[in-house]
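Worksheet for the structure shown next.
The values are calculated or read from the model by the stated rules, or taken from the named source; none is laboratory data. In this text, all values refer to a predicted model and were calculated from it rather than measured experimentally. Heads up, the Cβs are rebuilt from the backbone with ideal geometry, glycines too, and the neighbour counts pull from every protein chain shown. What goes into the accessible areas is simple: the full protein's heavy atoms, side chains included, and nothing from ligands, DNA or RNA. Shrake-Rupley method; radii C 1.70, N 1.55, O 1.52, S 1.80 Å.
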Amino acid sequence: MVRYGSLLSPELGTGVALIGFCSVPAVSALVTRLRKRELKSETLYEDADGKATLKSARSFSTTLSKTIIFSLAVAGLLSSILLTLFSWHAPRVASENLPLIVGAWSALLFQAVAIASCRNSVQAYRLGMYAFLSSGILAGLLLAQLGGIADHLLSGHPALLSCWMVELALSVLLAFGSLSLSRRPDVFHDGKLVDRMYTVSAFSRFNFSWPAALLSLAKNKKGLDLVDLPRPDHLTRSSAVSADWKRHSSPRRLWLSLLVVHKKAFALQWALTLCTSILNFTPQWVILQLLRILEDRPTGTGTFGFGVWIWVVWLGLAITADAWIESYLLWLSSAELAIPIRAQLASLIFEKAMRRKNVKGAVASKKKGTDDQPTVTDEPETATQEDDAEELNNAKQSTVNLIGVDGQRVPDFCRYQNIFPGSLFRLVISLAFLVSLLGWKPLLAGFSAMLAITPINIYFSKKYAAAQGRLMKVRDEKLGTVTEAVQGMRQIKFSALEPEWEKKIGDVRHRELAAIWDVFMGNAALRACWVTSPMLLSAISLAVYAVLSGSLTPSVTFVSLGVFKGLETTLSIIPELTTQLLDAWVSAQRIEDYLNSPEVLAVSQDSNKVAFHNASVAWPSDDTKIDDADRFVLRNLNMSFPQGELSVISGKSGTGKSLILAAILGEVDVLGGDINVPGAPSDRYDDRATKGDWIIPNAIAYVAQIPWMENGTIKDNIVFGLPYDNQRYKKTIDVCALKQDLEMLTDGGNTEIGANGVNLSGGQKWRVMLARAIYSRAGILVLDDIFSAVDAHVGRQIFERCLTGELATGRTRILVTHHASLCKNKTSYLVELGEGSVLYAGAPLGLDEEDSAPKQIESQDDTADEVEELDEMGGLFTAVNSDISDDEAGQAGVHGGLKKVTRKTTREFVAEESREKGAVQRHIYLTYLRDSGGWLYWTFAVLLFIVVQGIFQGRSWWVKLWTSDGQEQPFHSSQTFSSPREYGYSYAVAAQHTSIHTMSAPPIQTTHHSLNFYLSVYVALAIISSILGPLKYLFVYLGSIRASRNLFARLTFVILRTPTRWLDTVPVGRILNRFTADFNIIDSQLANSLSSGADCFLSLFSIIVAGLFISGYVLAVAALLFLVCIYYTRYYLEAARPLKRLESTTKSPLFEQFGSALTGIATIRGFGKTQVYIERMCRKIDDYSTATWHLMLFNRWMAWRMALIGSFFATFVSILILLTPGIDAALAGFALAFAIQFSNAVTWAIRFYVNVELDMNAAERIIEYTEVPTESLDGKSPPASWPTQGCIEVENLVVGYSPDLPPILKGLTFDIRRNERVGVIGRTGAGKSSLTLALFRFLEARSGSIHIDGLDISKLKLHDLRSRLAIIPQDPTLFSGTIRSNLDPFSQHTDAALLDCLERVHLLTSSPETSGTTTSTASNPKNTNIFDSLSSQVSEGGLNLSQGQRQLLCLARAMVDRPRVMVLDEATSAVDMHTDRLIQRSIREEFANSTLMVIAHRLSTIADFDRIMVLSDGQIAEFGSPRELWEKDGGDGSQKGFFRTMCEESGETEKLESIVLGQRAE
């Protein structure tokens, strides 16, 4: 600080030199402009973010800002010249420095001219930044000059003082004016507005003002939608950051690559961290100066000089600067590091998933016995087997976790990793500061005590880290278990396994809560260490200092305590951050391993046709050392599929037919030989496709064995991203027998279908998949078993009109089927698989030859005569939904005959996820409070927090008393003042609040206590605080655990018992989001937000109370500022609430898309749609990033304004302290120590309040699902032995899917007698599956009744009903685990019984001739039969088994329980004919004492049943014995019955006639 005539020439000269340096860019810009006279460009602005529109370009202007900058610079230069002239006549005002100020203004005017003449808005923006820096330097120089001469000018030259103030004001205004230049016009990407951070002026950008319009919109609209939010810029856009990674990455570790790619952001983050480390202690240093001034002030001194008030200004500026840099640092860490890195990793992981090997875990279990004689014991599974099971279980889910968990941990750590260097910086600065205050001896003594606690801290840190590790592992396990339960919900409900799965999920949840409690205990122990260590440090350091110095001054004490508190924060966060480092390290390693995992290689060679040359292939595996004996291998394959012709691949179930197709697609490991496949073009230019060049000869389309579809319309699933050709589309749906299906659907082709087509029948799914392939541009069609789920006559139609019709002619068709004979006449090439190789490959004429291989084909397929008979019938048959008459055909529809309904709007099957509006409802808070412990619990918690906060404030007050002891206190001993004039203006203000200060001041100190007295009380308070502090958190954690347990139990109970209709319309991702992400918040975050928020609000209250000891005005100002805070908070909450909900709803589609793509990866790659799905995923990632980006932005908007309010409060308290006559330094230190915390306290109080409300959004979403209506839980329990007979009586049954839809079953009346076998047939949509759903009460009867053994099932408990019946659905559902766990999940049967069931369904057999899985030849090694061991692993969904094997395993599962009533819904549709006949024989034998209801497409399956029911349009068309229905006619024989007509259409007339008539003849 300067005094009157002292010179600041060196400092002033340096400042002016810096201003000159900042003028260099302006000089360069002017020179360039003069050298290159550019004409005004007419092109629209464009950069990497996007392109401006004509409208945005016209509305963009910087003329006003440039005019203001130029005018202020001119005014500043003129005023500096005038000031120089006037100052020469005034002594002792440092007038010799004024020419330098004139020079500085001249440089600023030059910069203003350069800005005004610049036509490039981005360059003008940069020049404005330099002008701001120059103006700021000048303002600082003027303020420093003014501090030295202000008192002199005020007393002798007030006019000159006014001129100096004008100079200072102009420099500040010019600084802000230089920041008012907008950078560019609004730009758009893909027609959508890009975020305006790099569009608006620097003032708006660095003041976080550009989202003001969005905040206003949220307030007026009472919410925000995704369409309201601008899109990410190129630095955050997932496609751009992914491309940037590829440009900069190299073969190095993932974390190194992250550092290299984001090096600029990391460098700036660390630089700003260093700045904040310094600025954090600046307010303490300013307070030290103020307290020393108060300590040194002689008794009776009046007002302070201008130089003292400058310290108050510096205090406000220091707090403001620290808050701004910290706010910008947090914004940088989120916007330029965390969000881009998250988007980058998510897109890289998804792109890798599109290239990665599709490993299904198809590794056979190693047997303990020999290959020929497997040994199966009752011993428990080994640890290795458990590990294998876990690996199979988590294979797909762990991949999704890479984005959901690991992809979040790494960016989260990148956001906060700067705390490590920041802590080091703060430690060094604080130690230097403390040494200057206390000396090295007291500090060394304090640190010695602190070091003694360090081992305890390290111990608990390790315990905490270990607990976190266990928690993450059990969370992965929980996610896998819940995922499997949700995906297999239909099977769980069919089998009435809800209680068992509830227990299974509950057991995992119990372990998770135990791990969470361990984490909470570790957290509480660490908090105790963090609180105790700084307390010991401060207490011992101050005690030693007091002993050595003989006194304890307020300036040293309160500033030291402030530094110690900062050190406490610094040291406390290190252990927690270390655990985050370890978590992020593990996650980075997992992501790195995934990104480095094997990819699908080009296993085939380019050729003009598909051919295998001595090839050996196996399902892909990540394990390069796997033994061929432990995997299924097809060896020595030699075949060549003719180009443009139909080829058929046949063989028994499990012989590797799908593996051949996978080899053509490149989805296998080639162990030897060569595969030739035509190479598809890299760019298909689908958007330019025309009818003339529609077919791409070398492109491939694939129909998978398991139908794969996405949420969307039927048309979208068929068109599959290609241009819509109306003529081709109509022809496609016609030849695929979908025409009448779509006509009967209310919305036709625009009908929405759920995930994997859950609201379509099995046949419809297959035909939609086939239509997708036929509509495609592919010249090669790879089709897997498309006939298994359709009726025989429909299969014939598809073969005639689709596979060999106009749309397929000239295309290479490779078809896997069990119906080889159906295709014989138009098949050019036939392949028969068996014994791990090719049994036959050649022309289908071989079927008529006396050759062993063709004979094998004949034995397992339809006979040639039957097919010929079908051919002789001539005409093509009607569409799949057509019934016998046209009138009846017009009534048929999906789900049992929906009549055509005209709708103006499309019905959404999967509704958009709902989001609440406004504040979280009171009901949500009350529910959480009740579940966590109730009012008594929370009342005690609040009291505990108040007591702890009171003890904390008492410690500071005790220090105030300590430092006051022994000091002279003239203000308290006498309340007389010399005169108002002596104290000047300060008395006029101070006298108004003296009474409050007097009342709050302690009584006059008449006795002095020893150091031991003060120290012992201080230590006692510290010990109590260190004990109660962690306990209060632990108490809240108890309530959190209780609430989590109750909410999770309710959610599990409800989800397991919701109607299937609700489950079908809600994507799995939404449910999983509740069980994972939302519960993670409830479990781990909400408790901390509640407890920390309570702490912050009580701290804020303490700060206001501390200020009251100075003046009553503090309360008024605090109340006013708090009202301003509430205004901003409400403004913020109006936008943050819907945005938090939007973030949750944009996260679910991300996982749904990833999970769906992983399921259909073979189809996506087969169609060559990889890039399409990558782009789609990038859009979903951008949606998620957009929501998170704006949530962070709004948070910074609020936090920065809270910081300004806090800075004002601290400045105001400082002013009151200086205005209070005779205030002692101890009280001032006490008040200031709290006042400078106001900014942080109000910011964190508001932030935690908002966090609690936003975290309660997770509770809101969970409670929403706990209140979903469940299936009926009422009813009575049937007798223990029910049903004993298995008699079924149905009377006038009317059933519908939902109240707003027409009925499906329309007045059915029939009865099924004891042990009777009844076949149910009918066209697709006739109501067959609906009847089974009604029997199990998935569909409740609108009217009528179903009685089983005399009991009305509508009056029984659902669990009892379903547990006594059994069903094998068309889509087999298996759970991850072992063969044994799928057959007998609750270990109720012996291994011998289970193996016997496997033999009865022919998955195990001692006869090689009839086994499709264990046969071998001398030339080929034997493939291991996975069913030889009950411990063999089954992957999630049973994907390591073929479709036929899955169906047979489900059948074996039903055989284990031997129920009295059994329903089979197309249970063997994917099994070859020969095996099907053997299984039917087993069913007749095994279920001789059971009532069977069998739905079948193969009429031969049910032709020998006791009775057959023919359904049509939800009604019974015929019901009787097969002979009766066969012989039924119109009297004269001219009109045949439904059953007879269907038999004749099937192509198996003679065979069926012999079965029907022969059965009765017997």
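Details
Listed here are the residues, each with its yes/no results for (1) open to solvent by less than 10 Å² (accessible area, probe 1.4 Å); (2) modelled with pLDDT under 80; (3) within 41 Å of the chain's Cα centre (by Cα).
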position	(1), (2), (3)
Ala1392	no, no, no
Leu1395	no, no, no
Gly1412	no, yes, no
Asn1440	no, yes, yes
Leu1448	yes, no, yes
Met1462	yes, no, no
Thr1468	no, yes, yes
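- Candidates are the residues of the stretch 610-625 that are out of contact with any strand residue (DSSP E or B) (no Cβ under 7 Å at 6 or more places or on another chain) and not basic (Lys, Arg); the one that is modelled with the highest pLDDT is Asp622.
- Breaking point among (1) surrounded by 21 or more Cβ atoms within 10 Å (Cβ to Cβ); (2) touching a Ser or Thr at 6+ places or on another chain (Cβ under 7 Å); (3) of a type outside the set (Ser, Thr, Tyr); (4) more than 20 Å from Asp785 (Cα to Cα), for Asn636: (1)
- Residue identified as surrounded by fewer than 23 Cβ atoms within 10 Å (Cβ to Cβ), farther than 21 Å from Cys1543 by Cβ and among the basic types (Lys, Arg) among Arg1507, Arg1458, Arg1484, Arg1477: Arg1458
- Flag for Leu661 being aliphatic (A, V, I, L, M), in contact with a Leu (Cβ under 9 Å, 6 or more places away or on another chain) and under 21 Å from Leu1403 (Cβ atoms): no
- 1 or more residues farther than 30 Å from Thr43 by Cα and modelled with pLDDT of 90 or more: qualifying helices (runs of 4 or more DSSP H) within the stretch 137-226: 158-178, 212-221
Residues are listed down the side, and each one gets a yes or a no for (1) closer than 27 Å to Val703 by Cα; (2) within 21 Å of the chain's Cα centre (by Cα):
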{"site": "Phe1122", "(1), (2)": "no, no"}
{"site": "Leu1139", "(1), (2)": "no, yes"}
{"site": "Glu1143", "(1), (2)": "no, yes"}
{"site": "Lys1147", "(1), (2)": "no, yes"}
{"site": "Ala1157", "(1), (2)": "yes, yes"}
{"site": "Ile1161", "(1), (2)": "yes, yes"}
{"site": "Ile1181", "(1), (2)": "no, yes"}
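- Against the list (1) closer than 30 Å to Ser560 by Cβ; (2) open to solvent by 20 Å² or more (accessible area, probe 1.4 Å), the condition Asp476 fails is (1).
- Criterion violated by Trp285 - all others in (1) surrounded by fewer than 21 Cβ atoms within 10 Å (Cβ to Cβ); (2) within 23 Å of Leu1191 (Cβ to Cβ) satisfied: (2)
- When Glu1152, Glu1175 are screened for being of a type in the set (D, E, K, R), under 27 Å from the mean Cα position of the chain (by Cα) and surrounded by fewer than 21 Cβ atoms within 10 Å (Cβ to Cβ), only Glu1175 passes.
- Restricted to the stretch 531-562, and to residues there that are within 30 Å of Ala467 (Cα to Cα) and among the hydrophobic types (A, V, I, L, M, F, W, C), the residue that is surrounded by the fewest Cβ atoms within 10 Å (Cβ to Cβ) is Val531.
- Within the stretch 228-274, the set of residues being in contact with a Leu (Cβ under 8 Å, 6 or more places away or on another chain) and either more than 30 Å from Val312 (Cα to Cα) or at pLDDT below 90 (or both) comprises Asp228, Leu229, Pro230, Arg231, Val241, Ser242, Trp245, Leu254, His262, Ala265, Phe266, Leu268.
- Residue in the stretch 682-689 that is surrounded by 21 or more Cβ atoms within 10 Å (Cβ to Cβ), aliphatic (A, V, I, L, M) and more than 24 Å from Pro1372 (Cβ to Cβ) present: no
- Number of residues in the stretch 749-773 that are more than 18 Å from Gly1160 (Cβ to Cβ) and open to solvent by less than 10 Å² (accessible area, probe 1.4 Å) equals 1.
- Residues that are within 19 Å of the chain's Cα centre (by Cα) and of a type in the set (A, V, I, L, M) within the stretch 1250-1291 comprise Leu1254, Met1256, Ala1258, Ala1259, Ile1262, listed in sequence order.
- Residue among Val187, Val227, Val241, Val194 that alone is among the β-branched types (Val, Ile, Thr) and in contact with a helix residue (DSSP H, G or I) (Cβ under 6 Å, 6 or more places away or on another chain): Val241
- Filter pass, Lys352 being at pLDDT 90 or above and surrounded by fewer than 20 Cβ atoms within 10 Å (Cβ to Cβ): yes
- Scanning the stretch 609-628 for residues that are under 25 Å from Ser597 (Cα atoms), open to solvent by less than 50 Å² (accessible area, probe 1.4 Å) and touching a residue at least 60 places away in the same chain (Cβ under 8 Å) returns Ala615, Pro620, Ser621, Ile626.
- Just one of the listed residues (Glu667, Glu645) is modelled with pLDDT of 90 or more and of a type outside the set (A, V, I, L, M), namely Glu645.
- Restricting attention to the stretch 1213-1239, the residues that are surrounded by fewer than 22 Cβ atoms within 10 Å (Cβ to Cβ) and part of a helix (DSSP H, G or I) total 2.
- Residues that are open to solvent by less than 50 Å² (accessible area, probe 1.4 Å), at pLDDT 85 or above and on the phi > 0 side of the Ramachandran plot, drawn from the stretch 1339-1390: Gly1344, Asp1349
- Number of positions in the stretch 1084-1113 that are under 16 Å from Ile951 (Cα atoms) and either among the polar types (S, T, N, Q) or touching a Ser or Thr at 6+ places or on another chain (Cβ under 8 Å) (or both): 3
- Within the stretch 1313-1335, residues that are closer than 21 Å to Cys1287 by Cβ sit with their Cβ atoms under 7 Å from residues that are in a helix (DSSP H, G or I) and at pLDDT 85 or above, at 6+ positions apart or across chains, in these pairs: Val1320/Leu1331.
- Exactly one residue among Ile1288, Ile1312 is modelled with pLDDT of 85 or more, crowded, with 21+ Cβ neighbours inside 10 Å, on the phi < 0 side of the Ramachandran plot and in contact with a Cys (Cβ under 9 Å, 6 or more places away or on another chain), and that residue is Ile1312.
- Of the criteria (1) surrounded by fewer than 20 Cβ atoms within 10 Å (Cβ to Cβ); (2) touching a Ser or Thr at 6+ places or on another chain (Cβ under 9 Å), which one Arg196 fails: (1)
- Put simply, of Val187, Val227 the only residue that is open to solvent by 50 Å² or more (accessible area, probe 1.4 Å), more than 26 Å from Ile137 (Cβ to Cβ) and in contact with a strand residue (DSSP E or B) (Cβ under 9 Å, 6 or more places away or on another chain) is Val227.
- Test: residue in the stretch 515-530 that is under 29 Å from Leu1227 (Cβ atoms) and surrounded by fewer than 23 Cβ atoms within 10 Å (Cβ to Cβ): no
- Entirely in the stretch 733-831, the helices (runs of 4 or more DSSP H) that have 1 or more residues that are under 23 Å from Ala689 (Cα atoms) and in contact with a strand residue (DSSP E or B) (Cβ under 9 Å, 6 or more places away or on another chain): 762-775
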